[in-house]
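Have a look at the structure below, then the notes.
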Amino acid sequence: MKNNLLVIISLLFLAGWSGKAQTQNKIVVNANDGKYAISKHIYGHFSEHLGHGIYGGIWVGEDSPIPNTRGIRNDVTAALKALQIPNLRWPGGCFADEYHWQDGIGPRNKRPKMINTHWGGVVEDNSFGTHEFLDLCEQLGCEPYICGNVGSGTVEEMSKWIEYMTFDGESPMANLRKQNGREAPWKIKFFGVGNENWGCGGDMFADYYADTYRRFAVYCRNYGDNRLYKIAGGPNTSDYEWTETLMKKVGNKMNALSLHYYTVPKNWSDKGSATLFDEAEYFTTISKAAFMRELVEKHTAIMDKYDPQKRIALAPDEWGGWYNVEPGTNPGFLYQQNTLRDAILAAVTFDVFNQHCDRVKIANIAQMVNVLQSIILTDNEKMLLTPTYWAFDFYKVHQEATMLPLSIACAKYESQGKSLDAVSASASRDKNGKIHITLTNIDPNKPQSVSCDLLGVKAKNVSGRILSADKISDHNTFERPNLVAPKDFKDAKLANGNLSIALPAKSLVVLEITE
Ligand code: AHR
């Protein structure tokens, strides 16, 4: 109620009631009202056997001249560790529903080869399999999120994979694991029972998948103290019928329901270029990214009917911008550049997830390295960090922090007769009591001055970083890897408990406030 009043006063202020010509934006952060933790798993990643997502991007093999630890490149793991990546989804995607895990264990030179039918029809030699993936997760200190094969696999195959990875004792699969050099079982928490089962994961109707899920899930056993967190294949975008059916028929036999939504600026046959776009296309991209809010809210409303206690999470485990591949690259490899537009797309998406953290508890951007909206691009021994990497870096302060509700009354960014809120934001208080606010000015032309009230905070100090660039399409290349990189931000000032921020056009800012 108090917050609503503040928003109304702020709107009047925006409408010119104050008599000031300057555009003003008002944010009210209520630090007394924090109820929910922002799960760190909202900041999860995804690596599929697709193009150079794994091979070249992560896995170079033990004999490579590229510095590596047991075949996994060191530069990439160092960059990922700095980002505190919380979980990694693997091996797909569509690839997961054609993957037979037993082909990816044992001596590498004896592993069978297969065709990667979805992604360029290339030969997959299975040199990166279960042991290599779980070694990667151990090197990163992140939770593995394994996606099992429902589309073309069997219940037996899936149940044996879980036994192989997690059973501590005498059993055919545990013995096989030991034979392959791993004595102790791994801990596996996140397990996907299929992927896109309405499409590449079996082309099923919701009813049929719900029954199939129930059958597979029975044999996804918890061995010892390992507890699986089962994620059901969820809806495509706004297929609310799918959510309704799964909630009705599967209910609490799943821990989470996935959701896939990609931001495609134009259409699926000509998605638009990753780097060459005009302002109208930029506007469309960000408004399509912002559609995530409606998706999360509408799927949540259905889930609330069946699960008012919010025990079952919504897991947007594939999201991000999907553009035309870079000219001259294999169309099946989905290699695309990444601009400041993508960092803004990511920030707007994170704000939706943070603000709905009572239901959204795990999410995965597609994909981590060299595929779609990547945070890292590699070219043989070279590596660069994309603007999306820096968006993750700015937002990592929210991992496991208490979400602080905020209200925003802001200017509009207008284009083509349509408008979007110019400012997007999230706030949280971490376990050391520090308050972090991330703010994004999506307007590529106009700076925004923001006045921020911090209710329940005795703010003493503020410091920050900013990500921006001359052009919204600016991006890092192997020749200029630091064109878009963070800088110190000095335009946030505290006076009498009020925070004022001068946000440049097309910028992301992270602020740390101490009391
Ligand atoms: O991320 C690329 C593909 O997009 C995934 O394999 C699939 O699940 C989705 O359609």
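Read the figures in this text as sums done on the coordinates, not as results from a lab. Everything quoted here is computed from the prediction, not taken from an experiment. Backbone-built Cβ (ideal geometry, glycine too); neighbour counts: all protein chains shown.
Structural remarks
- The chain - Rg over Rh from alpha carbon coordinates, Kirkwood radius: 0.97
- Treating r as the C-beta distance of Phe291 and Lys446 and R0 as 25 Å, the FRET efficiency rounds to 0.60.
- For a label point 7 Å along the Cα-to-beta-carbon line of Asp358, residues of the stretch 389-404 with backbone N under 20 Å: 399-404
- Sequence-separation-based contact order of the chain, relative, with Cα cut under 8 Å and 6+ spacing, percent: 19 percent
- Potential extension, Phe205-Trp268 segment - 0.36 nm per residue separation minus Cα distance: 20.4 nm
- Electrostatic dipole magnitude of the chain [Cβ: Lys, Arg +1; Asp, Glu -1; Cα centre; debye, to 20]: 1480 debye
- Axial C-alpha extent at least 20 Å, average Kyte-Doolittle at least 0.0 - helices from the chain (DSSP): 340-355
- Computed over the chain, the per-residue total of -39500 (n - 2.57) for DSSP H runs of n ≥ 4 gives a 222 nm mean residue ellipticity of -8000 deg cm²/dmol, rounded to 500.
- Overall form of the stretch 85-153: oblate. Here a/c, set by the Cα gyration tensor axes a ≥ b ≥ c, is 1.5 or more, and a/b is not larger than b/c.
- Net charge, Asn68 excluded, C-beta distance under 13 Å - Lys, Arg +1, Asp, Glu -1: -4
- Tensor-based shape of the stretch 71-190 (alpha-carbon gyration tensor, a/c under 1.5 rounded, otherwise prolate or oblate): rounded
- Note on the chain: dipole from Cβ charges, positive end direction compared against Asn25, Phe277, Ala315; the farthest Cα belongs to Asn25.
- Cβ-derived FRET efficiency at R0 41 Å, Lys458 paired with Glu279, nearest 0.05: 0.45
- Once the Cα-Cα distance is subtracted from the 0.36 nm per residue extended length, the Glu138 to Leu483 segment shows a gain of 121.0 nm.
- The stretch 169-320: C-alpha gyration tensor shape, a/c 1.5 cut-off, then a/b vs b/c: prolate
- For the stretch 171-245 versus the stretch 292-319, the gap between their alpha-carbon centres in whole angstrom: 19 Å
- Average Cα contact separation per residue, the stretch 246-335, under 8 Å, 6 or more apart, as relative contact order %: 48 percent
- Within the straight-line cut-off of under 16 Å between alpha carbons, the aspartates and glutamates reachable from Lys487 are Asp393, Asp470, Asp474, Glu512, sequence neighbours fewer than 8 places apart in one chain being disregarded.
- Across Lys434/Lys490; Lys253/Lys310; Lys310/Lys458; Lys113/Lys187, pairs whose alpha-carbon gap is larger than 22 Å: Lys310/Lys458; Lys113/Lys187
- DSSP beta bridge pairing in the chain, given as percent antiparallel to the nearest 5: 60 percent
- Arranged from fewest to most other beta-carbon atoms within 10 Å of their beta carbon, Cys357, Cys452 become Cys357, Cys452.
- Fully extending the segment from Ala78 to Asp168, taken as 0.36 nm per residue of separation minus the present Cα-Cα distance, adds 29.3 nm.
- The calculated FRET efficiency for the pair Glu183 and Arg215, based on their C-beta separation and a Förster distance of 30 Å, comes to about 0.40.
- Lysines with Cα under 26 Å of Lys288, excluding same-chain neighbours fewer than 8 positions away: Lys26, Lys40, Lys266, Lys271, Lys298, Lys361, Lys396, Lys412, Lys418, Lys446, Lys471, Lys506
- For the stretch 304-370, relative contact order (Cα pairs under 8 Å, six or more residues apart, normalised by length) works out to 50 percent.
- Taking Cβ separations below 4.7 Å as the criterion for a possible disulfide partner, the isolated cysteines in the chain are Cys137, Cys142, Cys147, Cys220, Cys357, Cys410, Cys452.
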